[in-house]
Amino acid sequence: MVVQKLSKIAILFTLLSTLLFQSCHKVEVFTDDPYGNFDALWSILDEHYCFFEYKELDWEEIRGKYRKKLTANMTSEELFDVCDAMLMELKDGHVNLTAAHNTSRYWEWLYGSPENYQERLIDEYYLDFDYRYTSGIKYKILPQNVGYMYYESFSSTIGEGNLDQILAYLATSTGLIIDVRSNGGGSLSNVETLVSRFINEETLVGYISHKTGPGHREFSEPYPIKYTPSPRIRYQKPVVVLANRGTFSAANNFVSVMKALPRVVVMGDYTGGGSGLPFSSELPNGWSIRFSASPIYDAEGQHTEFGVAPTDGFKIDMDLEQASKGVDTILERAIAYIAGL
Amino acid sequence: MIVRKTVWCILAGVVFSFLSPATLCGQDPEREPLRPVATAFTLEVGRQSALDTYLTPIRYGGPMLSLGYERLRAASFAPEQWLTRHAVLGTFASMTNPEGNGSMLSGYFDYSFAMLRRWRVCDGLWLAGGGEAALTLGGLYNLRNSNNPATAKAAIDLGATAMASYHFRIKRLPVTLRYQASLPVVGIFFSPEFGQSYYEMFYIGNCDGMVHFGAWHNRVDLRNYITVDLHLGKRALRLGYRQVMRTTHVNHIDTQVFTHAFVLGISGEIFRSVRPARRIVSVYH
């Protein structure tokens, strides 16, 4: 009797265990060959990339266009070139395929535009190689009593104490130029740290959304991003933000936020864009892929993926003839604007 | 019939799990049996494989190490029929992708409290079944990712647990062979949305929809634990095998973490009272 009961319990438990193992959801596995790796790359982007609709891309058609270039015996480098060409269709600086021998990148927006920034020119003719430097920020009060700070990368963490020192030093200036030309981005938390010194009340600075499923139109409702003013030193005078096409990603976000604030003017060129928060994934052969996954919109709910325009009337390119004489015409315009207020 | 009894047993165990034994006790202290605490400390070494499609569609694998603690004791209110079990398990694993150029770390902390009804089948052999409440905290960290570098794991479960124990001798050496299985049935657990970044969740503060009701349609965990206690004097040498399966499928994100570990440890009974007892109710025999 006891043996019979035990047998039934054992059978019941075995069946249950089998059922549970079977209930594991199947995850598609791609083979580690040219076709498998290509399909894995295409599928990762198909499910996760966030700008198909906005950029009006037919990803299925693009797949057909490039998949027929594959051969079973192609080399790793040949496969990389096909994948690279397919990714260029996305026109996205946040898309990078990284293999041991190369990293694909889309920089057409940068190469097709004037550089509009020369670091050596600024250092030599405006800062006299004599400036203060902390938290990745160069700063100085120019002879016209205009404050100037150059922030090269939002990857450099801005310390609150360092920022106090910078703003206290620049407090006597009549206005401030924040130069983020050729700033390729970094951490969005540094954007908030910096912007919070230029607002006096909670401010809606944009929206963020994310994909809720693999479909190209499956997105969450945009969620508002609000910054609160810093309780520490805040700058209250006019501000000019200088941008060029090299102003990308988090720096692009910084410009879009600052542009919406009162007393702030954006000068120079369009920014480089890059408004998708990038995610990473990988292929069976170990190559890693970075791509835009989560769109961030400006305060009016608009995409800034292709850049932020300067404030109306302040679009200006650097005059290279003047630059050869040590004059940055974009910076000169900003100095004149603040000095003339 | 067996199924109905099993279900009743699980429900009773779950209910008892949340009731303090003190409220059910009410016995004369002088008549209480001695209920030795059976504890075990274990070091577990094995292999873990992990797939989390929020991080990567590629399965990682590598060595894992666990530290475990287990505490078994006959329940105070009905020592002959019921026993309680506390179990703590901390697990760390370092894994790589098949190409060997990507690394992933994982850490899990598991705590569970179970109350089991036991039946003596024959001399030395008893079976037990009941309910279990479990807490899981942990996460996976992929070292090569950008804004999706890690995914946190947190869950609270109620489930079923079963145990079989056979105490016998090999010549003069007392041996306890035990099998335990745990199967969470319902609970709540954390998961981000399909493409939601931790920046959005924890920096911007969009935390809606992160907590999910868990059942077998979206979350299946299973833990199997087989041990042999070789009683060498007051202490026993524990040898065993532990298998843990953690799977979720929610928001189009799949997580599958499997561990297989060899168990080495020390176990034994601790007598918490020196008061003379009329009888001893052990969880060994």
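Values as computed for the structure displayed
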quantity: Residue count, segment A:223-257 (criterion: hydrophobic (A, V, I, L, M, F, W, C) and under 30 Å from B:Glu193 (Cβ atoms)); calculated: 7
quantity: Matching residues, segment A:267-302, being outside any loop (DSSP other than H, G, I, E, B), out of contact with any Phe, Trp or Tyr (no Cβ under 7 Å at 6 or more places or on another chain) and more than 14 Å from chain B (Cβ to nearest Cβ); calculated: A:Gly268
quantity: Residue in segment B:103-114 that is touching a residue at least 60 places away in the same chain (Cβ under 8 Å) and surrounded by fewer than 21 Cβ atoms within 10 Å (Cβ to Cβ) present; calculated: yes
quantity: Residue among A:Gly268, A:Gly307 that alone is assigned by TED's automatic domain parsing to the domain that holds A:Glu124, surrounded by fewer than 24 Cβ atoms within 10 Å (Cβ to Cβ) and in contact (Cβ under 8 Å) with a residue 60 or more places away in the chain; calculated: A:Gly307
quantity: Residue satisfying all of: in segment A:122-145; touching a Gly at 6+ places or on another chain (Cβ under 6 Å) and not in a loop (DSSP other than H, G, I, E, B); nearest to A:Phe198 (Cα to Cα) among these; calculated: A:Ile141
quantity: Any pair with Cβ under 6 angstrom, 6 or more apart, that starts in segment A:282-293 at a residue that is more than 14 Å from B:Ser103 (Cα to Cα) and ends at one that is at pLDDT below 95; calculated: A:Arg290/B:Ser146
quantity: Residues of segment B:82-135 satisfying the condition of being under 30 Å from B:Ile58 (Cβ atoms) and of a type in the set (S, T, N, Q); calculated: B:Thr91, B:Ser94, B:Thr96, B:Asn97, B:Asn101, B:Ser103, B:Ser106
quantity: Segment A:303-325, subset within 22 Å of the chain's Cα centre (by Cα) and assigned to a loop (DSSP other than H, G, I, E, B), residue farthest from B:Leu51 (Cα to Cα); calculated: A:Thr311
quantity: Top-ranked residue in segment A:190-233 [being in contact (Cβ under 8 Å) with a residue 24 or more places away in the chain and hydroxyl-bearing (Ser, Thr, Tyr); ranked as surrounded by the fewest Cβ atoms within 10 Å (Cβ to Cβ)]; calculated: A:Thr228
quantity: In segment B:127-175, the residues that are out of contact with any helix residue (DSSP H, G or I) (no Cβ under 6 Å at 6 or more places or on another chain), buried (at least 19 other Cβ atoms within 10 Å of the Cβ) and among the hydrophobic types (A, V, I, L, M, F, W, C); calculated: B:Leu127, B:Ala128, B:Ala134, B:Leu140, B:Ala155, B:Ala162, B:Met163, B:Ala164
quantity: Of all residues in segment B:176-198 being surrounded by 20 or more Cβ atoms within 10 Å (Cβ to Cβ) and under 20 Å from A:Ser292 (Cα atoms), the one that is farthest from the other protein chains (Cβ to nearest Cβ); calculated: B:Pro192
quantity: Given (1) touching a Leu at 6+ places or on another chain (Cβ under 6 Å); (2) at pLDDT below 95, number of the condition A:Tyr148 does not satisfy; calculated: (2)
quantity: Looking only at segment A:214-232, and only at residues there that are in contact with an Asp or Glu (Cβ under 8 Å, 6 or more places away or on another chain) and within 10 Å of another protein chain (Cβ to nearest Cβ), the one that is farthest from A:Leu194 (Cα to Cα); calculated: A:Pro214
quantity: Leading residue by the ranking (farthest from the other protein chains (Cβ to nearest Cβ)) among those in segment A:303-320 that are farther than 30 Å from B:Glu193 by Cα and of a type in the set (Val, Ile, Thr); calculated: A:Ile316
quantity: Count of residues meeting criterion [surrounded by 16 or more Cβ atoms within 10 Å (Cβ to Cβ), assigned to a loop (DSSP other than H, G, I, E, B) and hydrophobic (A, V, I, L, M, F, W, C)] in segment A:28-73; calculated: 6
quantity: Filter result for B:Arg219 (basic (Lys, Arg), in contact with a Ser or Thr (Cβ under 8 Å, 6 or more places away or on another chain) and within 19 Å of B:Met163 (Cα to Cα)); calculated: no
quantity: Some residue of segment B:134-147 being in a strand (DSSP E or B) and more than 30 Å from B:Gly240 (Cβ to Cβ); calculated: yes
quantity: Count of residues meeting criterion [under 18 Å from the mean Cα position of the chain (by Cα), touching a residue at least 60 places away in the same chain (Cβ under 8 Å) and surrounded by fewer than 19 Cβ atoms within 10 Å (Cβ to Cβ)] in segment A:99-126; calculated: 1
quantity: Entirely in segment B:199-256, the strands (runs of 3 or more DSSP E) that have 3 or more residues that are within 10 Å of chain A (Cβ to nearest Cβ); calculated: B:219-232, B:235-250
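The values are calculated or read from the model by the stated rules, or taken from the named source; none is laboratory data. Being a predicted model, the structure only gives us computed values, none of them experimental. Neighbour counts are summed over all protein chains in view; Cβ atoms, including those assigned to glycine, are modelled from backbone coordinates with ideal geometry.
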